[in-house]
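Peer 1: Below are the structure tokens for one structure; questions will follow.
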Amino acid sequence: MAEQLSIPPEFIREAIGRALAGGHFFVAPTRRLRIEHVASEQAIWEVFRGHLLDASHSRRMEEFETWNVILDEGSKAAEAPVVSVRWQQGQQRVFIVRRILTHGFEAYEDSPGVILSREVQKWVAELVGTIALDTVDKDELESDLARYLFLAVIGTSRLPITSLESPLPAFSLGHFAYLPGFAGADRACDNPEEFLRAALESKVSTFELAKALEIALRATPPDAVAGIARLLREAAPRHTAEPDWCGGLFRALFNSVALSPYTGYVDALIAVLTDLASHGEADAAQSIDTSGYMLRHLCRHLTAFDLSVFHNFGANYPDALFLDALLAAYLRLIDAHPGLLDATSDDLPATNDPCRMRRRALRQACLVRSSYEGHRVPDAPTSMGENARVLPAEFARVPEEQILQAVRRSRRLFEGRPLAGLLSETGRRVLMQSCEDLRNPTEVRELGMAVFLDRPMGVFKEPGEVDRTPLVSYEAFSRMLAAKRMAQAMAGGWIDAESHGPTLDVLNEMPLEGRPLNEIAVGERPGVVSLGDATKAAPDFWILRTTPSSLDALLSHFDLSELERIAPDCAEWLQNNRHVLLVSHSSADRPSAGSTLRFYDRQGTLRLELGFETTPGRDVQYRERGGVELVERFRVLSVGDSAWLRSK
């Protein structure tokens, strides 16, 4: 980590200018981009627990040099910038701020001594990130600026719980985007296909490329996506070293998308997958596999965060709409290519058999969709936070009582469109075959699989504080939910009574990996996802493992050389084993030790424990870099010799 560095003022200005060069941006033809430089401005500025306070809640004034990103609508000038870069020279800090127009309230004096409130539209400023100039070098400054501007547009988390974690409305509506990997051009792009083409031809990361594809889909009507599909087909031959390059791109797109507000994005995505499938059996197989991946993971998400307990008791239900639309398209692909789901090799494990995996996607999607038929939902999917944002007239605000009270909702999911009506003869035959697959324990386990999330390093955050620590995901299993799904399949006539008994025996006798949730000391914090959410979905969840991708991402921030020195076997296991379970832990028998991070193996045996560095009278300190907050170092507690794991 660089310390007490001094970056010349002119380089700082040049770096900000490069980060805001027009070539980084996509702007819809109906919008106009302006970059405004203000050499000196006085502004009310106060940060509390990571939140930038509203001007009405503070009197503290600070001076900044500011660069504003303004998105005008045609010839009509915008009332406020969408993103700003503010340089506070005295404190050697650069702040990236974004603004969102919301429905709110203001106080006014109705008559002398009588204060009332009224609803108004107001711009809310959100602090996206802070760069401490005395701790970064020139390259790190440029990287962090681009990263924070990117996050300001797309949101700071792949699971948008808070407003800051959600994309700007302009991005969700297909009007505006930013890619850090673009450089050189002075002019913003106003053609979504050209923006995607430039991304495909540039050396941008897969994540950035996924966001370029997302904005192209959001900015293009579903009936006009043939050009997007053509660009993807043309790009595929350039990635011969990655046979599943296109599928990987769609998985990255799926895993980072926010579906609220619900737009034509889903229809555009399905139209591209359908177009790609029309160019031969191999392309059809890839589209089926990509759609199947999305269906399976949508089902795991809706198993973890169901529409009865979570999502404002089902008020925000875009995942259910996505599942419905994708399942209908999947069934059309099955009708056109039934042979891609029929074959089964008994020599292959269930996880390696593509036909069985494709049938699994159909079975899980049918079970989840049918379980929500008739579920009461508001007129449109939304949350209290989303409903507070000012959106175009076609996105009418949902009455607040529909969000808070299920009995006030008149719309019912999939009303008039029962699952039976979607299933052709071929689709029903494949569904029945997928239920026969339940003789395999892996398929039985999938009935109760869910994915939960946590921020295990954020345990020392204050309630309501912004948490930018790494987001970690977990695979979990509930026998109770699996049995419920099995009974549902039997009630639907997909499993007969003769098959139900042996399948139930497989479920009950199945050994489980990892640790039961009731033996993991997890805490809940307001506004932050937690493993504790699993107890609300079912009381018997087992946490099987941390997903390898999220564990790899977390470990990439730390130098493991000391662990490799004192415990090479443990370090090798941690970095290469695909069945590691990482959880935060508060020890009842060692309360003075506070919270720790524990790493368990596949059998649930504790292999490594890390303690947070603390000093008397001082909380754990976090260091922010590029949108991620990290603990500076951990003490290795349970592998013998004392050592420290330091962040990079």
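The values are calculated or read from the model by the stated rules, or taken from the named source; none is laboratory data. Predicted model only: the values in this text are computed from it and were never measured. Methodologically, a virtual Cβ is constructed for each residue, glycine included, from the backbone with ideal geometry; neighbour enumeration extends over all protein chains shown. Side chains are part of the model used for accessible areas, which takes the heavy atoms of the whole protein and leaves out ligands, DNA and RNA. Shrake-Rupley method; radii C 1.70, N 1.55, O 1.52, S 1.80 Å.
Peer 1: Pick out the one residue from 124, 120, 94 that is assigned to a strand (DSSP E or B), open to solvent by less than 20 Å² (accessible area, probe 1.4 Å) and at pLDDT 90 or above. Talk me through it step by step, then tell me what you get.
Peer 2: Working: 124 fails: open to solvent by less than 20 Å² (accessible area, probe 1.4 Å); 120 fails: open to solvent by less than 20 Å² (accessible area, probe 1.4 Å).
Selected residue: 94, the only one of 124, 120, 94 that is assigned to a strand (DSSP E or B), open to solvent by less than 20 Å² (accessible area, probe 1.4 Å) and at pLDDT 90 or above.
Peer 1: If a residue counts only when it is in contact with an Asp or Glu (Cβ under 6 Å, 6 or more places away or on another chain) and open to solvent by less than 70 Å² (accessible area, probe 1.4 Å), which helices (runs of 4 or more DSSP H) contained entirely in the stretch 380-447 have at least 1 such residues? Please lay out each step first, then the result.
Peer 2: Numbers: elements: 384-388, 400-404, 419-422, 425-436, 441-446.
Correct list: 425-436, 441-446.
Residues are listed down the side, and each one gets a yes or a no for (1) open to solvent by 70 Å² or more (accessible area, probe 1.4 Å); (2) of a type in the set (Lys, Arg); (3) in a strand (DSSP E or B); (4) farther than 16 Å from residue 67 by Cα:
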| residue | (1), (2), (3), (4) |
| --- | --- |
| 6 | yes, no, no, yes |
| 10 | yes, no, no, no |
| 14 | yes, no, no, no |
| 18 | yes, yes, no, no |
| 23 | no, no, no, yes |
| 35 | yes, no, yes, no |
| 42 | yes, no, yes, no |
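Peer 1: Can you find a residue that is of a type in the set (D, E, K, R), more than 23 Å from residue 127 (Cα to Cα) and open to solvent by 20 Å² or more (accessible area, probe 1.4 Å) anywhere in the stretch 202-221? Give the derivation first.
Peer 2: Let us first name the residues in the stretch 202-221 that are of a type in the set (D, E, K, R), namely 203, 208, 211, 214, 218.
Then drop every residue that is not more than 23 Å from residue 127 (Cα to Cα), which leaves 203, 214, 218.
Pick out the ones that are also open to solvent by 20 Å² or more (accessible area, probe 1.4 Å) and you get 203, 218.
So far as the stretch 202-221 goes, yes, one or more of its residues are of a type in the set (D, E, K, R), more than 23 Å from residue 127 (Cα to Cα) and open to solvent by 20 Å² or more (accessible area, probe 1.4 Å).
Peer 1: While we're on this one: Condition test on residue 165, is it without any contact (Cβ under 8 Å) to a residue 24 or more places away in the chain and farther than 23 Å from residue 261 by Cβ?
Peer 2: Values: without any contact (Cβ under 8 Å) to a residue 24 or more places away in the chain: yes; farther than 23 Å from residue 261 by Cβ: no.
Spelling it out, it is not the case that residue 165 is without any contact (Cβ under 8 Å) to a residue 24 or more places away in the chain and farther than 23 Å from residue 261 by Cβ.
Residues checked against (1) of a type in the set (S, T, N, Q); (2) at pLDDT below 95; (3) in contact with a strand residue (DSSP E or B) (Cβ under 8 Å, 6 or more places away or on another chain):
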{"site": "368", "(1), (2), (3)": "no, no, no"}
{"site": "389", "(1), (2), (3)": "no, no, yes"}
{"site": "393", "(1), (2), (3)": "no, yes, no"}
{"site": "419", "(1), (2), (3)": "no, no, no"}
{"site": "424", "(1), (2), (3)": "yes, no, no"}
{"site": "430", "(1), (2), (3)": "no, no, no"}
{"site": "446", "(1), (2), (3)": "no, no, no"}
{"site": "452", "(1), (2), (3)": "no, no, yes"}
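Peer 1: I want to confirm something. Restricting to the stretch 498-517 and keeping residues that are open to solvent by less than 70 Å² (accessible area, probe 1.4 Å) and out of contact with any strand residue (DSSP E or B) (no Cβ under 7 Å at 6 or more places or on another chain), which single residue is modelled with the lowest pLDDT?
Peer 2: Of the residues in the stretch 498-517, the ones open to solvent by less than 70 Å² (accessible area, probe 1.4 Å) are 499-501, 503-504, 506-507, 510, 512-517.
Checking which are out of contact with any strand residue (DSSP E or B) (no Cβ under 7 Å at 6 or more places or on another chain) leaves us with 499-501, 503-504, 506-507, 510.
Details: 499: 88, 500: 91, 501: 91, 503: 93, 504: 94, 506: 93, 507: 95, 510: 93.
Checked the stretch 498-517; the qualifying residue modelled with the lowest pLDDT is 499.
Peer 1: Give the residues of the stretch 518-543 that are over 28 Å from residue 625 (Cα atoms), aliphatic (A, V, I, L, M) and open to solvent by 10 Å² or more (accessible area, probe 1.4 Å), sorted by residue number.
Peer 2: 520, 521, 537
Peer 1: Continuing with this model, one more query. Which pairs turn up if I take residues in the stretch 90-104 that are over 17 Å from residue 171 (Cα atoms) and look for partners that are in a strand (DSSP E or B) and among the aromatic types (Phe, Trp, Tyr) with beta carbon separation below 7 Å, at least 6 apart in sequence or on another chain?
Peer 2: Short answer, once both residue conditions are applied: 94/87.
Peer 1: Among residues belonging to the stretch 240-257 that are at pLDDT below 90 and out of contact with any Gly (no Cβ under 9 Å at 6 or more places or on another chain), point out the one that is least open to solvent (accessible area, probe 1.4 Å).
Peer 2: Within the stretch 240-257, the subset at pLDDT below 90 is 240-243.
This time we only want the ones that are out of contact with any Gly (no Cβ under 9 Å at 6 or more places or on another chain), so: 240-241, 243.
On the way: 240: 117, 241: 96, 243: 121 Å².
Across the stretch 240-257, the extreme among qualifying residues is 241.
Peer 1: Does the stretch 259-282 hold any residues that are buried (at least 18 other Cβ atoms within 10 Å of the Cβ), part of a helix (DSSP H, G or I) and not polar (S, T, N, Q), and which are they?
Peer 2: Within the stretch 259-282, 265, 266, 268, 269, 270, 271, 272, 273, 275, 276, 277 qualify.
Peer 1: If you check 147, 158, which single one turns out to be under 19 Å from the mean Cα position of the chain (by Cα), surrounded by 18 or more Cβ atoms within 10 Å (Cβ to Cβ), under 30 Å from residue 257 (Cβ atoms) and among the charged types (D, E, K, R)?
Peer 2: On the way: 158 fails: surrounded by 18 or more Cβ atoms within 10 Å (Cβ to Cβ).
From the options 147, 158, the qualifying one is 147.
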